[in-house]
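First the structure, in the form of structure tokens, and then the observations on it.
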Amino acid sequence: MDAGLAAVSGALAAAVATVGAAFAAGWAQREGMQLTIRAEDRKDLRRPRFEVYLSLFTHATNLHRMAALGESDRSTILEAMQAEVDNIEKLWPTVALRGPEDVATHAEEINNRAQSLYTFYRMAIEGTAGKPAHEARTLNALLNVLKESTDSFKAAAQKALYGEETPDRRRRHHPFIARPRM
């Protein structure tokens, strides 16, 4: 009788262990699928954001560089600046809709700064901006403000795309990616 009870107890323990193992395997598989789906969703959200963020950043940087050139052919630069300002004006609402709020705020700020810079630059060419010394100080101030806005946008965009860790930092701290030798 004791042998029969031991056999039944052993069979019952094996059945419980099998059911437990099947439950754990199913749970692990479900969790793995959810992680994969979340990662794909994040990637699908990140790609279009990255493209529009990069485009806005590029146009703002180009505008800054053109305005900083200064005394070369101002009428040619003015036309090119107008094209960059138009691109920024078209892009910032898309950036704002893709979000998040912090990035949208900085994108709108870039648009406003770009408009101001272009308007002042046009006035300087027309000779209605004021005295040359005042013109130079104002232009430098507008360039600095656009640069600060662009830098703030870049930081907010990186945070929106990658969280607290930028791609470079994540690469340095990832356990499976080789670290650069110092």
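The values are calculated or read from the model by the stated rules, or taken from the named source; none is laboratory data. Predicted model, so just to flag it, every value in this text is computed and none were measured. Positions of Cβ are backbone-derived with ideal geometry, glycine not excepted, and every protein chain shown enters the neighbour counts. The accessibility values were calculated without ligands, DNA or RNA, using every heavy atom of the protein model including side chains. Shrake-Rupley method; radii C 1.70, N 1.55, O 1.52, S 1.80 Å.
Got at least one residue in the stretch 156-176 being open to solvent by 50 Å² or more (accessible area, probe 1.4 Å), under 17 Å from the mean Cα position of the chain (by Cα) and at pLDDT 90 or above?
Within the stretch 156-176, one or more residues are open to solvent by 50 Å² or more (accessible area, probe 1.4 Å), under 17 Å from the mean Cα position of the chain (by Cα) and at pLDDT 90 or above.
Just one of the numbered conditions (1) touching a Lys or Arg at 6+ places or on another chain (Cβ under 7 Å); (2) surrounded by fewer than 14 Cβ atoms within 10 Å (Cβ to Cβ) is not true of LEU78; which one?
(2)
How many residues, within the stretch 22-61, are of a type in the set (Lys, Arg) and at pLDDT below 75?
Residues flagged as of a type in the set (Lys, Arg) and at pLDDT below 75 within the stretch 22-61 amount to 4.
Given (1) open to solvent by less than 60 Å² (accessible area, probe 1.4 Å); (2) within 26 Å of TYR162 (Cβ to Cβ); (3) of a type in the set (Lys, Arg), identify the lone condition not met by ARG98.
Among (1) open to solvent by less than 60 Å² (accessible area, probe 1.4 Å); (2) within 26 Å of TYR162 (Cβ to Cβ); (3) of a type in the set (Lys, Arg), the lone unmet condition for ARG98 is (1).
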